[in-house]
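A short worksheet on the structure shown next.
Coordinate-derived values only; no laboratory data. Worth saying up front: this structure is predicted, and the values here are computed from it rather than measured. Virtual Cβ from ideal backbone geometry, glycine too; neighbours counted across all protein chains shown.
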C-alpha cells in the first residue's frame with residue numbers, strides 16, 4: 001500500500017506587490033509635503049512685507065544682503081568689491097537676480113547690488129514676504 005501525498009493545487013508563486021506600492025505612495029506623499037517646509041536659503045534676513053509675492057526658482061542668481069551690510073552671492077559670502085566678479089562667475093546664462101535684502105539693510109548696499117547687476121545687464125527682482133490679505 002503506497003501513500004500519495006500530492007495535491008491538485010499548485011504552490012503559490014506570485015508575490016502581491018499591492019502592499020509595497022501603498023507604502024511607496026505614502027512615503028512619496030510624506031516627502032513631497034515635508035519638503036515644502038524646508039527653508040530654501042541659509043542666509044537669515046528679515047524680508048519686507050508686501051501684498052503680493054511671486055515664487056522664485058533656480059533661473060535667478062540669488063543675492064542676500066544682511067542688516068549689517070554683508071553680501072552673499074549664491075550663499076557664498078563676498079565683499080562689496082567682489083560682488084561684480086561673483087555675479088559674473090555665477091551668471092551661466094541667467095538674465096536676472098533675486099535680491100533678498102534684510103528690511104533694515106541700508107539703501108547704499110542695495111544700490112551696490114543694482115550697480116553690479118546693471119553692469120552685467122541683469123534684471124533685479126526684490127524678494128519679499130507676503131502679508132496676510134485680511135481687511
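Worth a mention:
- A simple spin-label model places the labels of residue 107 and residue 33 4.7 nm from each other, with each point 7 Å out along Cα-to-Cβ.
- Rounded if a/c under 1.5, otherwise prolate or oblate - the stretch 49-130, Cα gyration tensor axes: oblate
- Ordering of 122-129, 94-101 by packing is 94-101, 122-129, highest average first (other Cβ atoms within 10 Å, averaged per residue).
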